[in-house]
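Working notes, beginning with the structure itself.
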Amino acid sequence: MASSIKKVHVVGGGLAGSEAAWQLASAGVPVVLHEMRPVCGTEAHQTDSLAELVCSNSFRSDDAGNNAVGLLHEEMRRAGSLIMRAADAHKLPAGGALAVDRHGFSAAVQDALVAHPLVELRREEIAGLPPEDWDSVIIATGPLTSPALAEAIGKLSGETALAFFDAIAPIVHYDSIDRSIAWKQSRYDKGGPAGDGADYLNCPLNKEEYGAFVAGLLAGEKTEFKEWETATPYFDGCLPIEVMAARGPDTLRWGPMKPVGLRDPRTGRRPWAVVQLRQDNALGTLWNIVGFQTKLRHGEQTRLFRTIPGLQRAEFARLGGLHRNTFLNSPRLLDETLRLRAMPRLRFAGQITGCEGYVESAAVGLMTGRFAAAERLGLVPAAPPATTAMGALLGHITGGADANSFQPMNVNFGLFPPIEGNARGKERKQLLAKRALRDFETWLAPAPLAAE
């Protein structure tokens, strides 16, 4: 049967492209997955592996009953997601979050795709628009789309791509952390997947130490932007710490350095501020400084971060960095199944559509894969209901947001249609999640597209 079905081409081997390819192949549709690495590298990637995680190893909350991204996890699992299967197989302790061993995760995704008989992996750059005889293409090139392809898309759409900076947090060698100062505890002792309620390392700062740290951030030498980058805005969900510090002296203390739900075992009291580190690999030898994405120069990072109690002798496996993300004005340019209105043979998936986050990118890839597979199988692609996490995210991207002020968005319950009744807070979230999973199962039932 598959031999008589024309191939779908997927451009980009990140999380979105890998998931789209998997959904197509699982539905019996042959797919060619094009990945430009290692033929052409990027500013942020360090390997040529498919589905490489470059910013953080956290998929965020895995609580499907109370958190929108946890709900998105569950919907993806029920839809046969390869990304979630690999994440679950390589999860690490992270309190209430789902974090993964980055290298094991990427290897699992790549191995599954390479082994699938309906997937062909080509290592090549698609410079410019895909050839005209490719009548079904999913472009999942992410925030680091090659300049040639980005320029071609811009000319075709008539839109100037929006852009923002996304910063990378540093990683510390575990054995260089002073454990006589740093202690293990999750905020409010909350446990989670593979965790025990003590999944973060905490470095405490008193009022004077915190003030000196903030002053150092503000005075530290920063990376200078190229002329074409100077007008590029930041995404509020991933602000560099020095940008947050510039917004006010207590901004960090109520952001990534908030001490609530934690107590220093040496004093029995809550510190003035806390720097948290989260396990970054399965061996537990590398730890990520949570929320410390930065554009400080490397020398400044090393000097300043070693003023944090517990990190005086820190050795860094990776220092922070900065790269430029690009995305489309999707509410204006894409239809309800993520096709480019100006050229419907092209679909878009992942961060280039204006969703934000690894999980959201993979979820959009999952939907595009199913949409393209339905077309190849002679079916009418059906979007998931707006009451589901996937449907709410899709609705925001394809029309729910104001095209005049469109910005990247993480999935959140604010995107869901209201629920009847007077429920508030946690009860409301639980009712929204329950409705979402019920409606998602109904959406899945008639479509023979879930992986076995």
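The values are calculated or read from the model by the stated rules, or taken from the named source; none is laboratory data. Predicted, not measured: the structure shown is a model, and the values here were computed from it. Ideal geometry is used to build each Cβ from the backbone, glycine not excepted, and the neighbour counts take in all protein chains shown. Surface areas here come from the heavy atoms of the whole protein model, side chains and all, with no ligands, DNA or RNA. Shrake-Rupley method; radii C 1.70, N 1.55, O 1.52, S 1.80 Å.
Scanning region 346-360 for residues that are within 11 Å of the chain's Cα centre (by Cα), open to solvent by less than 10 Å² (accessible area, probe 1.4 Å) and on the phi < 0 side of the Ramachandran plot yields C355, V359, E360. Collect the residues in region 298-312 that are assigned to a loop (DSSP other than H, G, I, E, B), open to solvent by less than 10 Å² (accessible area, probe 1.4 Å) and on the phi < 0 side of the Ramachandran plot, keeping them in residue-number order. Once the filter is applied, which keeps residues that are assigned to a loop (DSSP other than H, G, I, E, B), open to solvent by less than 10 Å² (accessible area, probe 1.4 Å) and on the phi < 0 side of the Ramachandran plot, region 298-312 yields I308, L311. The residue that is most open to solvent (accessible area, probe 1.4 Å), counting only those in region 249-297 that are in a loop (DSSP other than H, G, I, E, B) and among the hydrophobic types (A, V, I, L, M, F, W, C), is L283.
Among the residues of region 63-76, is there at least one that is closer than 19 Å to F413 by Cβ, open to solvent by 10 Å² or more (accessible area, probe 1.4 Å) and of a type in the set (A, V, I, L, M, F, W, C)? Spell out how you get there, then give the answer.
Narrowing region 63-76 to residues closer than 19 Å to F413 by Cβ: 63-76.
Next, only the ones that are open to solvent by 10 Å² or more (accessible area, probe 1.4 Å) stay: 63-67, 74.
Checking the rest, the ones that are also of a type in the set (A, V, I, L, M, F, W, C) come to 64.
Checked region 63-76: at least one residue is closer than 19 Å to F413 by Cβ, open to solvent by 10 Å² or more (accessible area, probe 1.4 Å) and of a type in the set (A, V, I, L, M, F, W, C).
Say we look at region 100-109 and pick out the residues that are part of a helix (DSSP H, G or I) and in contact with a Leu (Cβ under 8 Å, 6 or more places away or on another chain); which of these is most open to solvent (accessible area, probe 1.4 Å)? I'd like the intermediate steps shown before the answer.
Restricting attention to region 100-109, the residues satisfying the condition of being part of a helix (DSSP H, G or I) are 102-109.
Adding the requirement that they be in contact with a Leu (Cβ under 8 Å, 6 or more places away or on another chain) leaves 102, 105-106, 109.
On the way: R102: 31, F105: 0, S106: 7, V109: 0 Å².
Across region 100-109, the extreme among qualifying residues is R102.
Scan region 120-127 and give yes if some residue there is assigned to a helix (DSSP H, G or I) and among the acidic types (D, E), otherwise no. No: zero hits.
How many residues does region 73-97 contain that are in a strand (DSSP E or B) and in contact with a Lys or Arg (Cβ under 6 Å, 6 or more places away or on another chain)? Talk me through it step by step, then tell me what you get.
To start, the set of residues in region 73-97 that are in a strand (DSSP E or B) comprises 91-92, 97.
So of that shortlist, the ones also in contact with a Lys or Arg (Cβ under 6 Å, 6 or more places away or on another chain) come out as 97.
Total meeting the criteria: 1.
Within region 356-369, does at least one residue satisfy the condition of being out of contact with any helix residue (DSSP H, G or I) (no Cβ under 8 Å at 6 or more places or on another chain), in a loop (DSSP other than H, G, I, E, B) and farther than 13 Å from S330 by Cβ? No: region 356-369 contains no residue that is out of contact with any helix residue (DSSP H, G or I) (no Cβ under 8 Å at 6 or more places or on another chain), in a loop (DSSP other than H, G, I, E, B) and farther than 13 Å from S330 by Cβ.
Listed residues A112, A97, A89; which is open to solvent by 30 Å² or more (accessible area, probe 1.4 Å) and small (G, A, S)? Quick ask: steps written out before the conclusion?
Numbers: A112 fails: open to solvent by 30 Å² or more (accessible area, probe 1.4 Å); A97 fails: open to solvent by 30 Å² or more (accessible area, probe 1.4 Å).
Result: A89 is the single residue among A112, A97, A89 that is open to solvent by 30 Å² or more (accessible area, probe 1.4 Å) and small (G, A, S).
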